[in-house]
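Inspection log for the structure reproduced underneath, given as structure tokens.
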Amino acid sequence: MKELLRVAADLDLAGVDTSATPGFVGGKEAGEVALADGAEELADLQEQLFAASRTGGDTRSVLLVLQAMDTAGKGGIVKHVIGSVDPQGVAFASFKAPTDEEKAHDFLWRIRPRVPGPGMIGVFDRSHYEDVLIHRVRGFSTPEVIEQRYPQIVDFELELVAAGTTIVKVMLHISKQEQKNRLAERLERPDKYWKYNPGDVDERQRWDAYMEAYEVAIARTDSDEAPWYVVPADRKWYARLAVQQLLLDALRGLDLQWPPADFDVQAEQKRLAAT
């Protein structure tokens, strides 16, 4: 699945089947079973990562970057994938429109304090990529400034990797029609009104511009050290499974071990038995 989802050098988002399930044979029911099966291993690996940082001096971490058009399922990933691990080992950050104070600094100023510390799985629900996506589409920054930001992002991510952070960057790729269906559902259900944003309809009118912005940003910032993955997201169950598998692959690659005891186990067993 990892190899199938890794972006190609000639990425064309229009040519990606957003309802496909690369690397998985089976339907929704089988996918949900696979997700449940993977949850236990993900929780174990996350606990090993956390434990190693607390008692073993391990400084490594993992950062999941989630980017997508609205309704593509970022919240579902956080709930159904990240939600299966111990929350004390998760560092979650959601980057909305910058404040006046944040605007007064470099665009990475508000990002740096939120990178995951040792032993943590960090999740960026939107990220530093907003500053080359919406800024490009809406003209919030000049083309010259945006061009400067691509290499700045690459350098920033390479710094994180050098410091021990494994980065997994995911674009959840939903079709324009599926987004329309999900927005319509929110308008039909009172329990979903709170999730509806009238501005999403305005952004739909810029769909092609956003797709172009994503293609450029991904092409300019994809690297072996911080790879991009495009995950078809019309099927929620598949997107969740795919992201889970990408995280599992990243954590397995760390070859995590439980930290050894820094005390005499047998002596402590005898002391405990005597109490």
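The values are calculated or read from the model by the stated rules, or taken from the named source; none is laboratory data. This structure is a prediction, so every number in the text was calculated from the model and none was measured. Methodologically, a virtual Cβ is constructed for each residue, glycine included, from the backbone with ideal geometry; neighbour enumeration extends over all protein chains shown. Surface areas here come from the heavy atoms of the whole protein model, side chains and all, with no ligands, DNA or RNA. Shrake-Rupley method; radii C 1.70, N 1.55, O 1.52, S 1.80 Å.
Values computed for the structure shown
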quantity	calculated
Span per principal axis, largest first, for the Cα atoms of the range 148-268 (Å)	66, 41, 22
Directionally averaged shadow of the range 1-146, computed from the convex hull of its alpha-carbon atoms, nm²	11.4 nm²
Burial ranking of peptide ranges 95-105, 204-214, 260-270, 56-66 (average Cβ count within 10 Å, highest at the top)	56-66, 204-214, 95-105, 260-270
The range 119-187 shape via C-alpha gyration tensor axes, a/c threshold 1.5	oblate
Within the range 1-84: Cβ-based charge dipole about Cα centre, in debye rounded to nearest 20 (Lys, Arg +1; Asp, Glu -1)	280 debye
For the range 13-29 versus the range 94-128, the gap between their alpha-carbon centres in whole angstrom	31 Å
Coarse-grained scattering of the range 58-98 at q = 0.14 Å⁻¹, given as base-10 log I(q)/I(0) from a Debye sum over alpha-carbon atoms	-0.39
Dimensionless Rg ratio for the chain, taking C-alpha atoms and the 2.2 N^0.38 Å reference	1.10
With eigenvalues of the C-alpha gyration tensor scaled by 5 and rooted, the range 1-85, Å	28, 18, 13
P(r) weight above 18 Å for the range 164-208, C-alpha pairs, percent	43 percent
Sulfur and carbon atoms: percent of accessible area, the range 164-209 [1.4 Å]	49 percent
Taking the chain and dividing mean pair separation by its residue count, relative contact order in percent (alpha carbons under 8 Å, at least six apart)	33 percent
Computed over the range 179-248, the ratio Rg/Rh where both radii use C-alpha atoms and Rh is Kirkwood	1.06
Estimated Rh, the range 52-131: Kirkwood, alpha-carbon pairs, angstrom	13.8 Å
Most fluctuating residue given options 239, 162, 250, as computed from a GNM of the chain linking Cα atoms under 10 Å	162
Residues of the range 137-275: accessible area per residue with a 1.4 Å probe, Å²	55 Å²
